[in-house]
1. Output the number of the condition that B:Val72 fails; it satisfies all remaining conditions of (1) within 14 Å of chain A (Cβ to nearest Cβ); (2) touching a residue at least 12 places away in the same chain (Cβ under 8 Å).
2. Tally the residues that are part of a helix (DSSP H, G or I) and either within 14 Å of chain B (Cβ to nearest Cβ) or within 27 Å of A:Gly53 (Cα to Cα) (or both), restricting the search to region A:84-139.
3. Tell me, please, whether a residue that is in contact with a Phe, Trp or Tyr (Cβ under 6 Å, 6 or more places away or on another chain), small (Gly, Ala, Ser) and surrounded by 18 or more Cβ atoms within 10 Å (Cβ to Cβ) can be found in region B:29-36.
4. Considering only residues that are under 8 Å from the mean Cα position of the chain (by Cα) and either more than 7 Å from chain A (Cβ to nearest Cβ) or outside any helix (DSSP H, G or I) (or both), which ones fall in region B:107-140?
5. Sort out which residues of region A:57-81 are modelled with pLDDT of 85 or more and of a type in the set (Ser, Thr, Tyr), and write them in order of number.
6. Every residue in region A:54-81 that is under 17 Å from B:Ser126 (Cα atoms) and assigned to a loop (DSSP other than H, G, I, E, B), please.
7. Does any residue of region B:77-88 turn out to be in a helix (DSSP H, G or I), at pLDDT 85 or above and within 28 Å of A:Thr232 (Cα to Cα)?
Amino acid sequence: MYEQISSNIWRSRALILLFLVLFAGIGYVFARIEGNILMLPLAMGIAALMTVGSYYYSDKIVLASVRARPAEHDEFPHYVNAVEGLALAAGLPVPKTYVMDDSAPNAFATGRDPEHAVICVTTGLLEMMDRTELEGVLAHEMSHIKNYDIRFMTLVAVLVGAIALMADWFWWSGRLGGFRSRDDRDSGQLGAILFLIGVALAILAPISAVLIQAAISRRREYLADASGAMMTRFPDGLANALEKIAADQQPLESANKATAHLFISNPLREHGGGLNSLFDTHPPIEDRIARLRAM
Amino acid sequence: MVTAAWVIVGVVVLAILFVIAKYNQLVSLRQRIENAWSQIDVQLRRRYDLIPNLVETVKGYAAHEKEVFEKVAEARSAMMNAQGAAAQAEAQNQITAALKSLFAVAEAYPQLKANENFMMLQEELSGTEGKIAYARQFYNDQVMAFNTLIQSFPTNILAGMFGFTQREYFEMEDVAREPIHVDFKQ
């Protein structure tokens, strides 16, 4: 179990490094094509601004977008007690507890660090799970908090958004400004090559960004499963919970594509085999159960 | 000559930095153990405080089950008098056992089981049992990390110099995995 955790951490680091290189590379190429080197710091500045904004307000935005409300101890004693217990097990401050009034069983964690963390579950999850299963799910979310996944995932989401934004920008400026006028300044061949690279990047960047986001997200789910199991010392709790979740076919109404990767299981209930599985933000639930059963 | 002097200075500086880092690591682990211990203590006290309320509620329906009430009261006072980790753990096990038989008695009184106050107390107690188990697990994890560190070379030399000694694990019967529930029919 320890090996799985450390190897996952290293792979995630490699992925985020790749992401940053990609980001800088695209910024550079676009800046060359536009012939205006000021575009690079401008793009970086916007990206930094978005990162800072999401760093401080992501939890509030997410909670509002899924229409969650605070869960008080009087109304949900077993939920709040379980979260408090797991905070002790993880040696973390107790996260704020929220619920979504929805019968589809699901859960997510958000916030910027363990001191400002939030756990949110659906009322459907609370009704469906017994104590060990609920603790399994909550331990998974607690691991996202402990591993700083909650911050990481938001930053990844913002990086993906920023790359897509730059690609859009390229398209617009290409159409409006015209590259032809700049051909005089650039030596013709270089300009043409850069233009082709730019077109390719504008097409590939958003796609690869989404692919990387999905891959990072999937690794983090396995990692959170593993460290959550270590927290409760009872992998079968989460495995049973995932089986129940897999058997349930209701989609979560308040989730959308932007928040999907935050949840413990894909709230949109869409996944295909083959090439489609590259875009999944969650590993196949059967595979997660099998790994937990093998611990 | 000058080079050799610099090398010696460099080695000494590195050694000092290493000692400082390891010393601070030992201190922070020891602090974390203290903190983890106080977390266990908070939960044990919480359980202790819940008991009188529970006993009163059960008495309202099953006043004649004197034996079990005595057992609970006895376990409760044993906890107050317990000295040291081992005695403390023993007293806690006694409380756990007494509570188990109290809930077993409650099984025979359907009206009591349907009492809202009783159900709330039951939830609070099993929640607290869970927290005790998790706080203890965290404490023991910290003790393991600390003990491993002060036995490993070269930290063991530092630990000896600065008087860091191994800590005891907090052993208790595991109650958290199962809700307190005894079925007489079996």
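The values are calculated or read from the model by the stated rules, or taken from the named source; none is laboratory data. Computed from a prediction, not measured in an experiment: that's the story for all the values here. Please note: Cβ atoms are built from the backbone with ideal geometry, for glycine as well, and neighbour counts cover all protein chains shown.
1. Tallying (1) within 14 Å of chain A (Cβ to nearest Cβ); (2) touching a residue at least 12 places away in the same chain (Cβ under 8 Å), B:Val72 fails exactly one: (1).
2. 19
3. yes
4. B:Ile132, B:Ala133, B:Arg136, B:Tyr139
5. A:Tyr79, the sole residue that qualifies.
6. Residues satisfying the conditions are A:His73, A:Asp74, A:Glu75, A:Phe76.
7. No, there is no match, as no residue in region B:77-88 is in a helix (DSSP H, G or I), at pLDDT 85 or above and within 28 Å of A:Thr232 (Cα to Cα).
One line per residue, one yes/no per condition, for (1) of a type in the set (A, V, I, L, M); (2) in contact with a strand residue (DSSP E or B) (Cβ under 6 Å, 6 or more places away or on another chain); (3) modelled with pLDDT of 80 or more:
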site	(1), (2), (3)
A:His261	no, no, no
A:Leu275	yes, no, no
A:Ile285	yes, no, yes
A:Ile289	yes, no, yes
